[in-house]
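The values are calculated or read from the model by the stated rules, or taken from the named source; none is laboratory data. All values reported here derive from a predicted model rather than from experimental measurement. Note: ideal-geometry Cβ built from the backbone for every residue, glycine included; neighbour counts use all protein chains shown.
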Amino acid sequence: MEVPGELVGALRRARSVCVLTGAGVSAESGVPTFRDARTGLWERYDPLELATPEAFEQNPRLVWDWYAWRRELVREAEPNPAHHALAELEELVPEFVLVTQNVDGLHRRAGSRQVVELHGNLGYVICASERTPVSPDEFVPAGEDRPPLCPRCGSYLRPDVVWFGETLSMGRISEAQAAAAGCDVFLSVGTSSVVYPAAGLASEAARSGALVVEVNPQQTPLSGASDHVLRAPAGTALPALVDALKD
């Protein structure tokens, strides 16, 4: 696809680039969106009713098993051309921060280093009480009606993701906002631009004078406020952008 020369020039001059990614990037790797993760045994469950502290309190083993199933789906997925293009873009600009709403860890697997995982990471497990990480070889095995236990305090273990009704890490939000406010070019990739606080990062960047670029095959609330819109899937647009930047 053709990439606007003005955008390529801006990236070449940029001292700092901030990228926000959403579910559209992961979908190209075959990772089901959150609301689509309900096949087979899980078809009768509403994901919105499983991803809450209340659901975990009422039936911790059920919630644990659902996330274990989702973790296996992610483990079988591979980073796609969009993930690899973003890892390559990080090497081409002086400062780069990738903020993601995705919890699948595919950006890190593709080689991205400066990653802010706003909603956590499915691949990590924490103690529900202490909120400290626990590695798989430390788990006290699950019981018939409970998830694995923390080896230190005996509390239930849970995935290191943000559930509905929980607040995002202020440290991660602050890091993302600082990256958006300090960048020269901001790319919004594969996100609906309706979930806050992530959806507010583009405005933060624009207020600071950054060039705002949307990469999305669909129209979003951000489209009209963007300086450039690449109306294509991320796996098509981002490799083309990186190739143009290297020419």
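Structure summary
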{"item": "Checklist (1) buried (at least 22 other Cβ atoms within 10 Å of the Cβ); (2) over 21 Å from Thr52 (Cβ atoms) applied to Glu95, failing item", "result": "(1)"}
{"item": "Every residue from segment 113-138 that is in a loop (DSSP other than H, G, I, E, B) and at negative phi", "result": "Arg113, Gln114, Leu118, His119, Ala128, Ser129, Glu130, Thr132, Val134, Ser135"}
{"item": "Set Val125, Val161, Val213: member being modelled with pLDDT of 95 or more and within 21 Å of Arg231 (Cβ to Cβ)", "result": "Val213"}
{"item": "Qualifying residue in segment 45-62 (condition: farther than 21 Å from Asp145 by Cα, modelled with pLDDT under 95 and touching a Leu at 6+ places or on another chain (Cβ under 7 Å))", "result": "no"}
{"item": "Among the residues listed as Gly143, Gly171, the single one being among the small types (Gly, Ala, Ser), surrounded by fewer than 16 Cβ atoms within 10 Å (Cβ to Cβ) and within 24 Å of Val195 (Cα to Cα)", "result": "Gly171"}
{"item": "Residues (of a type in the set (Val, Ile, Thr) and touching a helix residue (DSSP H, G or I) at 6+ places or on another chain (Cβ under 8 Å)) located in segment 104-126", "result": "Val115, Val116, Val125"}
{"item": "Any chance Cys183 is more than 25 Å from Arg75 (Cα to Cα) and at pLDDT 95 or above", "result": "yes"}
{"item": "Strands (runs of 3 or more DSSP E) within segment 139-247 that include 2 or more residues hydrophobic (A, V, I, L, M, F, W, C) and under 18 Å from Glu6 (Cβ atoms)", "result": "185-189, 211-215, 228-230"}
{"item": "Positions within segment 61-80 being surrounded by 20 or more Cβ atoms within 10 Å (Cβ to Cβ) and of a type outside the set (Phe, Trp, Tyr), in sequence order", "result": "Val63, Arg70, Val74, Pro79, Asn80"}
{"item": "Every residue from segment 129-168 that is within 18 Å of Val103 (Cα to Cα), small (Gly, Ala, Ser) and either in contact with a strand residue (DSSP E or B) (Cβ under 7 Å, 6 or more places away or on another chain) or without any contact (Cβ under 8 Å) to a residue 40 or more places away in the chain (or both)", "result": "Ser135"}
{"item": "Single match in Pro221, Pro148 (criterion: under 30 Å from Asn59 (Cα atoms) and either assigned by TED's automatic domain parsing to the domain that holds His107 or surrounded by 18 or more Cβ atoms within 10 Å (Cβ to Cβ) (or both))", "result": "Pro148"}
